[in-house]
Amino acid sequence: MSRVKGTRDTTSGSPTLDEVARVAGVSRATASRAINGGQRVSPRAQSSVDAAVRSLGYVPNPAARSLVTRRTDSIAVVVPEPDDRVFSDPFFAGTLRGVTRALNERDLQLVLLLAKPGETATRTLRYLTNRHVDGALVVSHHRDDGLAEQLARIDLPCVFGGRPWTSGEQVAYVDVDNTAGERMATEVLLERGCRRIGTIAGPSDMTAAEDRLAGWRQAMAAAGRSDDAVVHGDFTEAGGERAAEELLATHPDLDGIVVASDLMALGAMRVLQRLGRRVPDDVAVIGFDDLGVAERTTPPLTTVRQPVEQMAERATRLLLEQVDGRSRGHAMRVIIPPQLVRRQSA
């Protein structure tokens, strides 16, 4: 008994590309092109193949699809940080949520690459050079990791979450205005009447930290205040504790502290509590991020919000435009204005 066109013998296993071509009434090559991107396929043939795929329940072979499209359908998020920081800092969780939201619309796979300095970074660069992904989003980068230059050299589509150290024309990025945000935070303490304001800055090899420090210095200079009370931390809670101990030992007269991240601010507030210094009565404190930590401090932390999820989603969409060939040759820079969130700590 012959089978009716459009049906298949369910005992023969998964449907094949040949069956799709037969049901659609096109050649095998046309069916392959239609399934894998639609290049050089007429609208009528494309419609027939799409209908055949639906009726047969055909699932393309990823390896065969990759050979045709030269695409992996995966995007890397490259994080040059130690594992423990990635899995403890809410910044990274927010970033991955934003990336995933954008990728899910395209049914693309996220690949997380933790590119710690040394052998791991070399292995990561080799992985990217071999084009195991279609593009890379780099976050939390450092001055010496060289990722911007290396990715430009291998011509892999890439976008940075945060301003990269290199100012090359080929580097796209999405960032919050860190300088304006920290200037805003410092001005809040000046308006409050704080006489001696210090800062716990982030790592000096990261642009976000340097931009925030610049904002603090700008506000202090505009007010005619000294900007000598500076200690660098590492954007972690423990680092904030260490930095606050050093800052308060050197400058015990501080009545205001601007901190470059909420996690470090949490550590600083713990030190102030141990020293018997009340927040905000004795020392007012302002953080930066607003990623869930600020609401849980005692008292709740005034902070500068950077919308990490929205930034990561925007950066991923810029990256996908590069992958699709819609924005190669010019680098987009998106700067998002910060927002002050007033709570009880200042």
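The values are calculated or read from the model by the stated rules, or taken from the named source; none is laboratory data. Keep in mind the model is a prediction, meaning the values are calculated, not measured. Virtual Cβ from ideal backbone geometry, glycine too; neighbours counted across all protein chains shown.
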Considering residues that are at pLDDT 85 or above and part of a helix (DSSP H, G or I), the number found within segment 1-32 is 12
Kindly check whether there is at least one residue in segment 172-192 that is touching a strand residue (DSSP E or B) at 6+ places or on another chain (Cβ under 6 Å) and part of a loop (DSSP other than H, G, I, E, B). yes
Residue check, ASP324 surrounded by fewer than 24 Cβ atoms within 10 Å (Cβ to Cβ) and outside the structural domain of TRP216 (by TED's automatic domain parsing): yes
Just to be sure I understand, how many residues within segment 203-229 are under 18 Å from THR302 (Cα atoms) and in contact with a Phe, Trp or Tyr (Cβ under 8 Å, 6 or more places away or on another chain)? 1
Just give me the residues in segment 97-118 being under 19 Å from GLY292 (Cα atoms) and in contact with a strand residue (DSSP E or B) (Cβ under 7 Å, 6 or more places away or on another chain), in sequence order. VAL99
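Which strands (runs of 3 or more DSSP E) sit wholly inside segment 226-339 and have at least 3 residues that are modelled with pLDDT of 95 or more and under 22 Å from PRO203 (Cβ atoms)?
Here the list reads 230-232, 256-259, 284-289, 302-305.
Residue-by-condition table, conditions (1) touching a Ser or Thr at 6+ places or on another chain (Cβ under 6 Å); (2) within 21 Å of ILE335 (Cβ to Cβ); (3) touching a residue at least 60 places away in the same chain (Cβ under 8 Å); (4) surrounded by fewer than 16 Cβ atoms within 10 Å (Cβ to Cβ):
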| residue | (1), (2), (3), (4) |
| --- | --- |
| MET206 | no, yes, yes, no |
| GLU210 | no, yes, no, no |
| GLY215 | yes, yes, no, no |
| GLY239 | no, no, no, no |
Within segment 262-271, can one find any residue that is out of contact with any strand residue (DSSP E or B) (no Cβ under 9 Å at 6 or more places or on another chain) and β-branched (Val, Ile, Thr)? yes
